[in-house]
Structure formats: C-alpha cells, structure tokens
Amino acid sequence: MSKDLFHGLEGENIYFKALNANDAQEIHSYASDENVKRFIGWPLMKTLDETRDYIEEMVRRESAGTHLYASIVLKSTQEIIGTAMIFSFDHEAKHAEIGYVFHSRHWGKGYGTEATALMNDFAFGSLNLRKLHARVIDANIGSVRVVEKNGFELEGRLKDYYFIGQSYYDLMLFGKFRS
C-alpha cells in the first residue's frame with residue numbers, strides 16, 4: 001500500500017513515520033509556534049487537545065485515501081521535527097500537491113530540501129504521478145528555496161491570496177514535471 005511506503009521513506013538525515021496521536025506533544029511544539037503559523041495554512045493549535053484532534057483528522061483523511069501524511073523524524077535525535085504531506089490528488093491527470101511544515105528551530109538546516117526530495121521520488125516513482133505542485137507564501141523565502149532546489153519552477157502568482165495575522169501575502173504556485 002502506498003501510505004505504508006510513504007511512512008517508510010528514509011533519507012540521509014531524516015525518515016518518515018506514520019502520524020500518531022501519541023506524538024501530539026512533539027507535534028504541538030511546532031503546531032503551536034507563532035513563527036510557523038506565519039507560513040502555513042493550518043490554524044495555530046492553542047492546546048494539546050486541539051493538536052491531538054487535528055492529528056486524528058489527518059489520520060482520517062489518510063484512511064479515506066485523499067491525503068498522505070508523515071511525521072518527519074530527525075535520525076540523530078529521534079525527534080519529530082515536522083510533517084510531510086501529499087494531497088489534492090487528481091488521479092486522472094496524475095497531479096498532486098506537496099507540503100511540509102517544520103519546527104522553526106530546524107529551519108535552514110536542509111531538512112525541508114531532503115523531505116521534498118523524498119516526496120518527489122515517491123510521487124513520481126511509486127505513485128507514478130506526472131506533475132507535482134507546491135503553494136508557497138511569498139514571504140516564506142526558505143520554502144521558496146526548498147522547492148527551487150528540488151527543481152520546481154514558478155508557474156504563477158496570486159496577489160494577496162493569503163490573509164494571515166492581519167496581513168496579506170501572495171501565493172506563489174510552483175510546479176515540477178516527472179523527468
């Protein structure tokens with residue numbers, strides 16, 4: 001099954017594992033971080049129970065076959081440092097979207113680039129997708145670099161698409177075709 005393969009992806013510094021409500025405390029550490037909230041579409045989690053409920057919702061989506069989610073684990077410490085996802089599947093056209101979120105103390109260390117490379121290889125190889133896309137908030141320069149390092153190209157921009165923290169941000173749409 002593809003979700004089991006997704007949960008088993010492994011890179012040099014990180015590996016993926018299935019989301020689990022038992023990991024709520026670790027996930028809450030970045031799901032409740034104001035710095036992280038600036039760049040993601042998730043609502044800020046105020047309580048551990050909210051985080052646990054959101055994890056359970058993600059597990060339900062994955063069970064329904066509409067999303068793939070994985071906790072991203074740092075090999076050196078066994079700490080959960082983020083979440084990787086593939087979603088918005090168009091099975092007929094063979095497209096999907098990727099996303100990721102990391103604890104802010106792990107930004108700028110190459111883990112996003114590594115996680116995106118793992119998702120690319122999985123999506124194009126195991127899922128046989130033709131195209132991936134990623135939506136990035138224009139202010140998230142680190143995420144722009146991650147997708148560009150992974151061969152994504154800017155395909156479009158929607159002005160003032162996101163409204164976060166009383167400010168508007170552009171949506172940058174990136175795409176990558178199977179090579």
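The values are calculated or read from the model by the stated rules, or taken from the named source; none is laboratory data. A quick note: this is a predicted structure, and the numbers were derived from the prediction, not measured. All Cβ positions, even for glycine, are placed from backbone atoms using ideal geometry, and neighbour counts span all protein chains on display.
Quick look at the values:
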quantity: Out of V144, V136, sole residue that is assigned to a helix (DSSP H, G or I), buried (at least 16 other Cβ atoms within 10 Å of the Cβ) and in contact (Cβ under 8 Å) with a residue 12 or more places away in the chain; calculated: V144
quantity: Residues of the stretch 121-133 satisfying the condition of being surrounded by fewer than 21 Cβ atoms within 10 Å (Cβ to Cβ), more than 12 Å from the chain's Cα centre (by Cα) and on the phi < 0 side of the Ramachandran plot; calculated: D121, F124, G125, S126, L127, R130, K131
quantity: Residue identified as surrounded by fewer than 17 Cβ atoms within 10 Å (Cβ to Cβ) and closer than 24 Å to K176 by Cβ among G99, G108; calculated: G108
quantity: Among residues of the stretch 163-179, those that are in a strand (DSSP E or B), at pLDDT below 90 and of a type outside the set (G, A, S), counted; calculated: 2
quantity: Options E114, E97: the member that is part of a strand (DSSP E or B), charged (D, E, K, R), touching a residue at least 24 places away in the same chain (Cβ under 8 Å) and under 27 Å from D23 (Cα atoms); calculated: E97
quantity: Unmet requirement for I164, which otherwise passes all of (1) over 14 Å from F16 (Cβ atoms); (2) among the aliphatic types (A, V, I, L, M); (3) touching a residue at least 60 places away in the same chain (Cβ under 8 Å); (4) crowded, with 18+ Cβ neighbours inside 10 Å; calculated: (4)
quantity: Restricting the stretch 124-133 to residues that are free of Cβ contacts under 8 Å to residues at least 60 places away in the same chain, in contact with a Phe, Trp or Tyr (Cβ under 9 Å, 6 or more places away or on another chain) and not hydrophobic (A, V, I, L, M, F, W, C), the residue that is nearest to S88 (Cα to Cα); calculated: H133
quantity: Criterion: charged (D, E, K, R), closer than 18 Å to I40 by Cβ, modelled with pLDDT of 95 or more and under 14 Å from the mean Cα position of the chain (by Cα) - qualifying residue of E97, E114; calculated: E97
quantity: Number of positions in the stretch 16-39 that are assigned to a helix (DSSP H, G or I), in contact with a strand residue (DSSP E or B) (Cβ under 9 Å, 6 or more places away or on another chain) and either among the hydroxyl-bearing types (S, T, Y) or farther than 20 Å from A139 by Cβ (or both); calculated: 5
quantity: Test: residue in the stretch 71-94 that is part of a helix (DSSP H, G or I), of a type in the set (A, V, I, L, M, F, W, C) and in contact (Cβ under 8 Å) with a residue 40 or more places away in the chain; calculated: no
